[in-house]
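Below you'll find the structure, written out as structure tokens, and then a few comments.
Each value in this text was obtained by applying a stated rule to the coordinates, not by laboratory testing. Predicted, not measured: the structure shown is a model, and the values here were computed from it. Positions of Cβ are backbone-derived with ideal geometry, glycine not excepted, and every protein chain shown enters the neighbour counts.
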Amino acid sequence: MLVRIVAGAVAAAAVAWLARRRGTLDGSGQLAALVCGTAAAAAGWAWAAVLVAYFGAAVAVTAAGAARKSARTNGTLAKGGARNAAQVAANGGVFALLALAAGGEPATAMGIAATGALAAASADTWATEIGTLWGGTPRSILTGARIKAGMSGGITLAGTAAAAAGSLFVAAASVLAHDAPDARHRVLVTGSAGFAGAMFDSLFGASLQERRWCARCRVHTEQRVHPCGEPTAHAGGTRWINNDVVNVAGTLAGAGAAVMISRLAA
Ligand SMILES: [Zn+2]
């Protein structure tokens, strides 16, 4: 166990260092990724492999068509660019804690919840990145009104399909890494849970998440300081509910949905 934690920390440090070098993570994000990676390795090599699969795919879909996406969402997304510690923890924190609780038993409620949480994070990342790249004008998941690409709570057909694919990818990676019996059933349970978590993430983002306004550019944004340099003003939603809070809620929803669906489908 101790050897695995040390080896896991070394491997996580290498991956986090590379990710910072290529601009995926900033300094605080690098530290958070090191903590999440070490926790996953402490939980077991299979969990670490699932986390690496999630992270590699997230980096790939983020890199795909980066210039086009940046032009389409100019200054709207709170994310974009190097991820910081809050963003890393919001996506991987719930998974890391549940994986530690599950340890070598991926078929327990904790283990199923851990996979559901990371599947939800993956679904949300793929939906945002692919939806921005290939989706048309997003519509609010709540009202159906057209909204600006990159704003939380907006969904597109391409993004919704990508959410399903991203969730199934992590669900399949988890079954493969753990060499789990009853593979197809488990992929469907945790895969649909991750999708449900991402949809909850969008609903939460459309309703309660804080919306901000740049007076200079006259655009809505999620950022506290717009890329133009102007501090933005509160323009709706709940002040403390930013995109990171919404992502934590989305991964918790994925974890909860996985346990519920596995009970119902048992
Ligand atoms: Zn501005």
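Overview of results
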quantity: Estimated FRET transfer efficiency (A109, L188; beta-carbon r; R0 22 Å; 0.05); calculated: 0.85
quantity: Computed label-point distance, nm, for sites R263 and V3 using a 7 Å Cα→Cβ extension; calculated: 4.0
quantity: Whole-Hz ³J(HN,Hα) from phi, Karplus 6.51 cos²θ - 1.76 cosθ + 1.60, for the stretch 238-244, glycine and proline x; calculated: 9, 3, 8, 8, 9, 4, 5
quantity: Computed Rg/Rh of the stretch 1-52, alpha carbon atoms with Kirkwood Rh; calculated: 0.98
quantity: C-alpha long axis of helix 109-134 to longest principal axis of the chain, angle in °; calculated: 40
quantity: Cα-Cα pairs of the chain separated by more than 30 Å (percent); calculated: 25
quantity: Distant-in-sequence amide H partners of T221 (H built 1.01 Å from N, under 5 Å); calculated: R212, W213, C214
quantity: Over the chain: helical MRE at 222 nm, DSSP H runs n ≥ 4 each giving -39500 (n - 2.57), nearest 500; calculated: -22500 deg cm²/dmol
quantity: Extended-chain gain in nm, criterion 0.36 nm per residue less alpha-carbon gap, L100 and A145; calculated: 12.1 nm
quantity: Relative packing of 253-261, 191-199, 155-163, which averages over residues the other C-beta atoms within 10 Å, highest first; calculated: 191-199, 253-261, 155-163
quantity: Sparsely packed trypsin sites (Lys or Arg not before Pro) within the stretch 1-106, loop by DSSP, other Cβ within 10 Å at most 15; calculated: R22
quantity: Distant-in-sequence amide H partners of I241 (H built 1.01 Å from N, under 5 Å); calculated: E210
quantity: C-alpha long axis of helix 157-178 to longest principal axis of the chain, angle in °; calculated: 20
quantity: Radius of gyration, Dmax [the stretch 21-163; alpha carbons; angstrom]; calculated: 15.9, 46
quantity: Tilt relative to the chain, helix 45-63 - C-alpha long axis, 0 to 90 degrees, to 10; calculated: 20
quantity: Using a Förster distance of 35 Å, the FRET efficiency for D179-R68 (Cβ separation, nearest 0.05); calculated: 0.35
